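K.L.:
The structure that follows is given in the form of structure tokens.
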Amino acid sequence: MEFRHSMTLTAPLTAPLQHQESGRSARDKGRGSEGQGRVFTGQQRVLLLLIVVAALGLRMWHIGDWPLWVDEAHTWRDVTIPLERFWDSARAWYPTSYLLLRAGMDSGLLGETEGWLRLPFALFGTATVLLLAAYGRHLVGRNAALLAALLLAVHPWHVFWSQNARGYAMVAFFAVLACGELWRGRVLGSTRRVVLAWGAALVAVSCQPSGALLLPVFVLAHAVTSSRRSSRDLRKVALWGLAMLAIALPLLALLPPFRNFLAAKTDAEPSLSHLLQTGAWHFRVPLLLFAAVGAWTGNQGWTKVRARFLSLWAFVPLVLLAGLGAGIVKVTGRYAFLSLPAVCLLAAVGAVRTGEALSRLSMRVRSGKASSSAMAYALAGAVVVVDATAGGYLYFTVQRGERAAWDEAAKIAVAGSFGAPLVVHTTHEPVLQYYLRRDHWRGGESGPRATDVRSIERTDVAFAGGGACYVTSVVARAHATGCAAFFLVVHPELAEKDADGSLLAAIRRECELVDALKSLGSARDESIYVYRAR
């Protein structure tokens, strides 16, 4: 079976890895050379081409139809503010994705609509699928690599970030490049490849701070692959890694990006359950289960170093985030996005191993008919592919790209102002700046006459004397100046600034509900409620 052939290391190997694999038989070495050393066959290349084309199609489909959400609106702010202000902000610590967008817009290659802002990330997302197959061949074999590429191509979480004007798709691309080159560098004894791997890892960090989760993976991977390790040695490596983590975590507080992150989460208590829930939601439970099977069977059978390397890449970021989420600050599963390619590789291994088990069982039941083998493999792979495809179907239909309809909410407010100056108080000020005052961050004005967008902040509510007083003053000021006052809010976001519920109660009392734009985009209710002052 080609997968079995491809699970062993190829020659030439570095001395440490040669020592680690010295116990293999000549027959196993031959299998490794045949399954691992050759490029994809002609049929596999055609299949890979179809997978990449499908990946590109999914990432381009409706890319300009989804409204911006708050994080993308922050990207818009950071690529349109004056450059000197950008370099004075915390984003200067991870500027790559912003500078890429700014350069594209300044050169005229990119427009300013939603689709143009997301286009570079869709291309990076598509390239990641191809890259995963190319490096996956060396890690898990050709068949499993193609299955992993297919899993990544149709995975709704990867499609989402590929259709998102944020740096996560770039982080995943450089994570695959970095880990793939690190593995090849260790196997081939190439210092140049190892240096390239570390360079790619640092570029990942420069795209988004979550890329820093790759650095502990690299340190531990060097330790695991440096020589033959016993279980006792690996325990020492794990303890050493935990010690390094205990030292590194407090140092994070000295970095401006992490300080800003903590400042934005002052009211969010540390929550391990939140990380687990969002991680399961984003990665998808079937994929995680098959990845666990792949990691376990890898340690039992196919080259243990490969299993450990992929397991480090897949699960160390989640463990680090669990440490942060349990004791320091509330974090979500999204920051482990760079682990998704590794999870897909392990899940592909798990699917193939499950297929092997089903095949053996089927052969016993059906007197060893070989035709049952293909069906068993197809069944195992179909479980994770169908689950991801079902998630993708929901993403493109009822979930509407997991975006709330802020563009429509802005249009409702403009129409409801009946030509009067418009004042909007909202929980999502950056998004409405984009839709109502697109040149706001440049210092210009391209929206309706005298439009003002204000963020509802806890400090402002407290300064006004509470929720009721805050709403009363907003309405009174609007009446005195002849403005049309609107509240465009998402209830869970409003609740974070309105602990006693008085603000929402006052809005409902002083305003009329014009529209409620329901959203099924995520596990959290993102429905937009449009209130107009009476």
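K.L.:
Six or more apart or on different chains, Cβ atoms under 9 Å: show the pairs whose first residue is in segment 316-341 and free of Cβ contacts under 8 Å to residues at least 12 places away in the same chain and whose second is assigned to a helix (DSSP H, G or I).
P.N.:
Within 9 Å, the pairs are Val319/Leu245.
K.L.:
Moving on. Every residue in segment 44-88 that is of a type in the set (Phe, Trp, Tyr) and either closer than 14 Å to Gln433 by Cα or not assigned by TED's automatic domain parsing to the domain that holds Pro156 (or both), please. Steps first, answer last, please.
P.N.:
Within segment 44-88, the subset of a type in the set (Phe, Trp, Tyr) is 61, 66, 69, 76, 86-87.
Those that are of a type in the set (Phe, Trp, Tyr) and either closer than 14 Å to Gln433 by Cα or not assigned by TED's automatic domain parsing to the domain that holds Pro156 (or both): Trp69, Trp76.
K.L.:
Next question, about the same structure. Output the residue which, of all residues in segment 135-169 that are of a type in the set (A, V, I, L, M, F, W, C) and out of contact with any Leu (no Cβ under 8 Å at 6 or more places or on another chain), is surrounded by the most Cβ atoms within 10 Å (Cβ to Cβ).
P.N.:
So in segment 135-169, the residues of a type in the set (A, V, I, L, M, F, W, C) come out as 139-140, 144-154, 157, 159-161, 165, 169.
Okay, now just the ones that are also out of contact with any Leu (no Cβ under 8 Å at 6 or more places or on another chain), so 147, 150, 160-161, 169.
Details: Leu147: 28, Leu150: 26, Phe160: 26, Trp161: 26, Ala169: 30.
Going through the qualifying residues, I end up with Ala169.
K.L.:
Quick one: is Gly64 outside any helix (DSSP H, G or I) and modelled with pLDDT of 95 or more?
P.N.:
On the way: outside any helix (DSSP H, G or I): yes; modelled with pLDDT of 95 or more: yes.
Yes.
K.L.:
Out of all the residues in segment 69-115, which are free of Cβ contacts under 8 Å to residues at least 60 places away in the same chain and small (Gly, Ala, Ser)?
P.N.:
Ser89, Ala92, Ala103, Gly104, Ser107, Gly108, Gly111, Gly115
K.L.:
Condition first: in contact (Cβ under 8 Å) with a residue 40 or more places away in the chain and either acidic (Asp, Glu) or within 20 Å of Leu318 (Cα to Cα) (or both). Now tell me which residues in segment 187-205 satisfy that.
P.N.:
Here is the first cut: in segment 187-205, the ones in contact (Cβ under 8 Å) with a residue 40 or more places away in the chain are 187-189, 203-205.
Hits for segment 187-205 are Ala204, Val205.
K.L.:
I would also like to ask the following. I'm checking my understanding of the structure. Among residues of segment 224-236 that are part of a helix (DSSP H, G or I) and surrounded by 19 or more Cβ atoms within 10 Å (Cβ to Cβ), which one is modelled with the highest pLDDT?
P.N.:
Here is the first cut: in segment 224-236, the residues part of a helix (DSSP H, G or I) are 224-225, 231-236.
Restricting the remaining residues to those that are surrounded by 19 or more Cβ atoms within 10 Å (Cβ to Cβ) gives 224-225.
Values: Val224: 70, Thr225: 66.
The selected residue is Val224.
K.L.:
Sticking with this one: From Asp525, Asp500, which residue is farther than 29 Å from Gln399 by Cβ, touching a helix residue (DSSP H, G or I) at 6+ places or on another chain (Cβ under 9 Å) and at pLDDT below 90?
P.N.:
Working: Asp525 fails: farther than 29 Å from Gln399 by Cβ.
Selected residue: Asp500, the only one of Asp525, Asp500 that is farther than 29 Å from Gln399 by Cβ, touching a helix residue (DSSP H, G or I) at 6+ places or on another chain (Cβ under 9 Å) and at pLDDT below 90.
K.L.:
Still on this structure: Any residue in segment 465-487 that is touching a residue at least 12 places away in the same chain (Cβ under 8 Å) and within 24 Å of His74 (Cβ to Cβ)?
P.N.:
Yes, that holds for at least one residue.
K.L.:
Right, something else. Any idea which residue in segment 326-342 is surrounded by the fewest Cβ atoms within 10 Å (Cβ to Cβ), counting only those that are small (Gly, Ala, Ser) and closer than 21 Å to Ala149 by Cα? Please lay out each step first, then the result.
P.N.:
Within segment 326-342, the subset small (Gly, Ala, Ser) is 326-327, 333, 336, 339, 342.
The next check asks that each one be closer than 21 Å to Ala149 by Cα; those that pass are 336, 339, 342.
Numbers: Ala336: 26, Ser339: 28, Ala342: 28.
Among those that are small (Gly, Ala, Ser) and closer than 21 Å to Ala149 by Cα, it is Ala336.
The values are calculated or read from the model by the stated rules, or taken from the named source; none is laboratory data. On a predicted model such as this, the values are computed, not experimentally measured, just so you know. When we count neighbours, we look across all protein chains shown, and the Cβ atoms used for this are built from the backbone with ideal geometry, even at glycine.
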